[in-house]
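Chemist: I'd like to ask some things about the structure below.
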Amino acid sequence: GIQVEQSPPDLILQEGANSTLRCNFSDSVNNLQWFHQNPWGQLINLFYIPSGTKQNGRLSATTVATERYSLLYISSSQTTDSGVYFCAVERDRGSTLGRLYFGRGTQLTVWP
Amino acid sequence: NAGVTQTPKFRVLKTGQSMTLLCAQDMNHEYMYWYRQDPGMGLRLIHYSVGEGTTAKGEVPDGYNVSRLKKQNFLLGLESAAPSQTSVYFCASSYYPQEAQPQHFGDGTRLSIL
């Protein structure tokens with residue numbers, strides 16, 4: 001398979017603060033997705049970003065595929081940003097094509 | 001457009017009972033997947049299907065069976081439930097991975113085995 005490591009495992013912020021979440025992976029990928037798991041357990045797809053940079057409101061993500069990492073930026077955090085953020089990747093070759101490998105997630109808590 | 005729909009949303013079983021989880025997608029996706037999520041963990045792949053009539057094992061397939069008789073449906077079966085199968089189960093679907101498309105997830109099924 002492919003190893004996916006996320007850091008930090010836990011993050012506590014005051015409302016309004018900015019944060020950066022990191023995802024490192026051990027092999028070349030053709031699919032990288034960031035998810036937010038809300039308190040109800042739903043997986044919300046934030047970004048599909050195998051390379052490059054994307055922005056969606058207060059959130060943005062950058063993937064540097066050649067260096068095998070991705071970053072998720074959250075600016076001006078709100079209490080509704082709380083939850084677990086997962087990075088998931090798919091290898092770009094071999095028998096594991098189509099299979100997503102998940103990191104263990106970053107648990108984000110935003111206090112008012 | 002419903003996307004990926006999982007039924008049921010919650011279920012409690014006794015050890016040894018059997019049940020089937022249903023996943024339906026209306027996006028004409030070829031690939032479908034079943035994952036499980038345990039506390040403090042990311043999702044792990046149980047089984048997947050690359051098209052109607054096909055299935056393949058993922059990372060943690062033991063104790064589960066699957067079927068893909070129709071393109072839009074992917075069923076996950078537990079023949080004899082065990083407490084270790086208490087988990088949250090997610091279904092996902094996608095177009096051909098070779099086209100580098102994102103996977104779309106259902107809302108999950110919370111399953112407790114007593």
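The values are calculated or read from the model by the stated rules, or taken from the named source; none is laboratory data. If you're wondering where the values come from, they're calculated on a predicted model, not measured in any experiment. Heads up, the Cβs are rebuilt from the backbone with ideal geometry, glycines too, and the neighbour counts pull from every protein chain shown. Heavy atoms of the whole protein, side chains included, go into the accessibility calculation; ligands, DNA and RNA do not. Shrake-Rupley method; radii C 1.70, N 1.55, O 1.52, S 1.80 Å.
Chemist: Using only the Cα atoms, what convex hull volume per residue in Å³ does chain B have?
Modeler: Roughly 95 Å³ of hull volume per residue.
Chemist: What average number of partner chain Cβ atoms lie no more than 10 Å from the Cβ of the residues making up B:42-48?
Modeler: Per residue, the average neighbour count from other chains is 5.
Chemist: Counting other C-beta atoms within 10 Å, and keeping those with at most 15, which DSSP coil trypsin sites (Lys or Arg not before Pro) do you find in segment A:22-75?
Modeler: Loop-located and lightly packed - A:Arg58.
Chemist: With charges set only on the Cβ (+1 for Lys and Arg, -1 for Asp and Glu), what does the dipole of chain B come to about its Cα centre, in debye to the nearest 20?
Modeler: 320
Chemist: To make sure I understand the rule: partners must be aspartates and glutamates, Cα under 14 Å from the Cα of B:Lys70, and not fewer than 8 residues away in the same chain. Which ones qualify?
Modeler: B:Asp26, B:Glu30, B:Glu52
Chemist: I'd like to compare A:82-89, A:99-106, A:43-50, B:8-15: which one has the highest average count of other Cβ atoms within 10 Å, and what's the full order after that?
Modeler: The most tightly packed comes first, giving A:82-89, A:99-106, A:43-50, B:8-15.
Chemist: If you don't mind, another one. Count charges around B:Met41 for me, please; just the other residues with Cβ under 12 Å from its Cβ, Lys/Arg as +1, Asp/Glu as -1.
Modeler: So the environment of B:Met41 carries a net charge of +1.
Chemist: Further, regarding this structure: Can you tell me the length gained on complete extension of the stretch A:Ser76 to A:Ile12, counting 0.36 nm per residue apart and subtracting the Cα distance?
Modeler: Going from the current span to full extension adds 21.7 nm.
Chemist: Past 30 Å, Cα to Cα, is the threshold; run B:Lys9/B:Lys71; A:Lys54/B:Lys9; A:Lys54/B:Lys71 against it and keep the listed order.
Modeler: As for pairs spanning more than 30 Å Cα to Cα, those are A:Lys54/B:Lys9; A:Lys54/B:Lys71.
Chemist: Before anything else, pin down the relative contact order of chain B: Cα pairs under 8 Å, at least 6 apart, normalised by residue count, whole percent.
Modeler: 35
Chemist: So, one more: Please report, in whole Å³, the volume per residue of the convex hull around the C-alpha atoms of chain A.
Modeler: Cα-based convex hull of chain A, divided per residue, equals 86 Å³.
Chemist: Taking all protein chains as present, what is the carbon and sulfur share of the accessible area of chain A, in % to the nearest whole number, probe 1.4 Å?
Modeler: The computed percentage sits at 48.
Chemist: Taking every residue in B:104-113, how many Cβ atoms of other protein chains lie within 10 Å of its Cβ, on average?
Modeler: Average neighbour count from other chains, rounded to a whole number: 2.
Chemist: For a quick check, take a GNM of chain B with Cα springs below 10 Å and name the residue from B:Tyr95, B:Tyr48, B:Tyr31 with the largest mean-square fluctuation.
Modeler: Largest GNM mean-square fluctuation: B:Tyr95.
Chemist: Same structure, new question: Lone cysteines in the protein assembly as shown, defined as no other cysteine's Cβ under 4.7 Å from theirs: which are they?
Modeler: So far as the 4.7 Å Cβ criterion goes, no cysteine stands without a partner in the protein assembly as shown.
Chemist: I'd like to check one number: the per residue accessible area of chain B, probe 1.4 Å, reported in Å² as a whole number.
Modeler: Averaged over the residues of chain B, the accessible area is 47 Å².
Chemist: In whole Å, what is the distance between the alpha-carbon centres of segment A:15-41 and segment B:73-91?
Modeler: Cα centroid of segment A:15-41 versus Cα centroid of segment B:73-91: 26 Å apart.
Chemist: Where nothing but the Cβ of Lys and Arg (+1) and of Asp and Glu (-1) is charged, how large is the charge dipole of the protein assembly as shown around its Cα centre, in debye to the nearest 20?
Modeler: Dipole magnitude for the protein assembly as shown comes out near 320 debye.
Chemist: Next question, about the same structure. Mind checking B:82-91 for the average number of partner chain beta-carbons within 10 Å of each residue's beta-carbon?
Modeler: Rounded to a whole number, the mean comes out at 1.
Chemist: Same structure again: List the equivalent ellipsoid semi-axes of the protein assembly as shown in whole Å, largest first, each obtained as the square root of 5λ for an eigenvalue λ of the Cα gyration tensor.
Modeler: 29, 21, 15
Chemist: Evaluate 2.2 N^0.38 Å with N set to the residue count of segment A:47-112, then give the Cα radius of gyration divided by it.
Modeler: 1.27
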